[in-house]
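The values are calculated or read from the model by the stated rules, or taken from the named source; none is laboratory data. Note that this is a predicted model, so its numbers are computed, not measured. All Cβ positions, glycine included, derive from the backbone under ideal geometry; neighbour counts span all protein chains shown.
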């Protein structure tokens, strides 16, 4: 009997031990998708015919005692923005409804070369620009823990599919928490890799060529265990050009291998940014438990760090990239709408949309100053702990109103909707790795997610920390409505 909530690592062991075939595993998950996908609308672009071909090839390789790759025979999903030749890549955009990719992105190619069986692609918001997965093409994805709530975004369909046991592994993208927020909302593990560890192209929107001028956006995994994140990262992490140049990527080992040895900083809360009280309580509980384990723990931040000023830089740069491909008429419409917003970071957004080349270069300079600040900080600390975002999964909001004009209830306050991006932005601006992990639930049974930010290119430190927490305090649990 196959457990639909087994980790990817466990399923690969079963495949390698010949206790299950890849075709059997594929059929098992396809049956799960037929049974449950209508509830959550997570997998929206099926790939059944090709998946059977891939699974058959994997079984034939196993029969010959050949190991073609680290994911050989494992069914999994990709976010509907990651390009695979011959498959639709809509990015949730009506204008791309019939767009079929003519090439496979480098990260996706590494996944396929590792022997993966591609079940299909998962739902996203239009243009990947929301913390929900809802669009006019495929409709709305629902959270398996509460179908009246969002699974997050933009890798929301993928997170819902992993949490509901429809796929053991998902690969998504993250620029403003698009891996980490869905992981937190669905009770999963999600990893935003260090910015240069994984190719940044091969997805839509975006150009189909290496684009070092475009920072922030990364591709990475969501899973039901921290060990699966490491497995997945090892597959996709490599230089962009590969063997054509001399560069090699050798991610260092984790700094520590016991919780007792970790030096853990916790980012202090600020008065102007309300955080759901249950997340605050969870973080405080983890702080105490880490001390009991013998870890060095302190609420501290880099000298001279100011979260408001830091966020202004991040949001301005983010707006440069988010609106770069818009036509001038669209930009003018967005600017006029945005001026109606009560968000205190509206000026930062407008500055990014209207930035000149000189201002863009100045933003990069400011970013490098922050990177230097955190390089010094991580000489003294191994991990920086923060919430993933300010709330657990929230109730569905309509997509007719743009995100920059929405609001969100937090405790007994109402805040701008786009405050959701502030904690994800801590790692994004500096390009550091960040591992989202589940830690408890609210009184209403919603998952709570926290994130461990690690030193640049020390992804193994952040993932290992999350794995040790999983071993000590527990991790993923399956949502009750999907257990049969």
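Observations, loosely collected:
- Residues that are over 23 Å from residue 124 (Cβ atoms) and either out of contact with any helix residue (DSSP H, G or I) (no Cβ under 6 Å at 6 or more places or on another chain) or crowded, with 22+ Cβ neighbours inside 10 Å (or both), drawn from the stretch 16-34: 16, 17, 18, 19, 22, 24, 25, 26, 27, 28, 31
- Criterion violated by residue 52 - all others in (1) touching a strand residue (DSSP E or B) at 6+ places or on another chain (Cβ under 9 Å); (2) surrounded by 19 or more Cβ atoms within 10 Å (Cβ to Cβ); (3) in a helix (DSSP H, G or I) satisfied: (2)
- Filter result for the condition that a residue is surrounded by fewer than 24 Cβ atoms within 10 Å (Cβ to Cβ) and either without any contact (Cβ under 8 Å) to a residue 40 or more places away in the chain or touching a strand residue (DSSP E or B) at 6+ places or on another chain (Cβ under 7 Å) (or both), over 103, 98: 98
- The residues of the stretch 226-267 that are over 23 Å from residue 438 (Cβ atoms) and exposed (fewer than 13 other Cβ atoms within 10 Å of the Cβ), listed by number, are 241, 242, 243, 244, 245, 246, 247, 248, 250, 252, 253.
- Where a residue in the stretch 142-166 is at positive phi and its partner, wherever it lies, is crowded, with 24+ Cβ neighbours inside 10 Å and assigned to a helix (DSSP H, G or I), with Cβ under 8 Å and at least six apart: 152/159; 152/181; 152/182; 152/183; 152/184; 152/185; 152/186
- Residue count for the stretch 326-344, restricted to those that are loosely packed, with under 14 Cβ neighbours inside 10 Å and touching a residue at least 60 places away in the same chain (Cβ under 8 Å): 3
- Here residue 68 fulfils each of the conditions (1) touching a residue at least 12 places away in the same chain (Cβ under 8 Å); (2) touching a strand residue (DSSP E or B) at 6+ places or on another chain (Cβ under 9 Å) apart from (2).
- Only a single criterion out of (1) touching a helix residue (DSSP H, G or I) at 6+ places or on another chain (Cβ under 9 Å); (2) farther than 28 Å from residue 415 by Cβ is not satisfied by residue 370, namely (2).
- Filtered by the rule that a residue be in contact (Cβ under 8 Å) with a residue 60 or more places away in the chain, surrounded by fewer than 21 Cβ atoms within 10 Å (Cβ to Cβ) and either closer than 17 Å to residue 292 by Cα or more than 22 Å from the chain's Cα centre (by Cα) (or both), the stretch 469-483 gives 470, 472, 473, 481, 482.
- Qualifying residue in the stretch 175-184 (condition: closer than 28 Å to residue 30 by Cβ, modelled with pLDDT under 95 and not in a strand (DSSP E or B)): no
- Identity of the residue in the stretch 58-85, out of contact with any helix residue (DSSP H, G or I) (no Cβ under 8 Å at 6 or more places or on another chain) and surrounded by fewer than 16 Cβ atoms within 10 Å (Cβ to Cβ), that ends up nearest to residue 148 (Cα to Cα): 85
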